[in-house]
Amino acid sequence: MQKSRFTEEQIVRILKEAAAGKKVVDVCREYSISDATFYTWRKKYGGLELSDLKRLKQLESENQKLKQLLAETMMDKQALKELLAKKF
């Protein structure tokens, strides 16, 4: 996936401009984004405040760490099962 040239905070501000009454076409032209990009952002970030966005990023980071720990634990468990299954 290509990295956006806008941060999440900037995206939320752009969406708020449109919600405040500015036309979507004008907002897209001002920031040089397509309508499809705008509507994709609105679907993903619509209704979020900056504090909500920071909390979301924190939860996603924590979730990623927990998934990594689970994967490592499952690998250790599998290795132990294989070791115990061997006949000496």
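Some notes on this structure:
- Within the range 67-88, not a single residue is open to solvent by less than 90 Å² (accessible area, probe 1.4 Å) and touching a Leu at 6+ places or on another chain (Cβ under 9 Å).
- Residues within the range 17-26 that are open to solvent by 60 Å² or more (accessible area, probe 1.4 Å), small (G, A, S) and part of a helix (DSSP H, G or I), tallied: 1
- Which numbered condition S4 misses (of (1) part of a helix (DSSP H, G or I); (2) surrounded by 11 or more Cβ atoms within 10 Å (Cβ to Cβ)): (1)
- Here G47 passes the criteria (1) assigned to a loop (DSSP other than H, G, I, E, B); (2) open to solvent by 80 Å² or more (accessible area, probe 1.4 Å) except the one numbered (2).
- Considering each residue of the range 27-44 in turn, none proves to be open to solvent by less than 80 Å² (accessible area, probe 1.4 Å) and touching a residue at least 40 places away in the same chain (Cβ under 8 Å).
The values are calculated or read from the model by the stated rules, or taken from the named source; none is laboratory data. These figures come from a predicted structure and were not determined experimentally. Positions of Cβ are backbone-derived with ideal geometry, glycine not excepted, and every protein chain shown enters the neighbour counts. Only protein heavy atoms, including side chains, enter the accessible area calculation; ligands, DNA and RNA are left aside. Shrake-Rupley method; radii C 1.70, N 1.55, O 1.52, S 1.80 Å.
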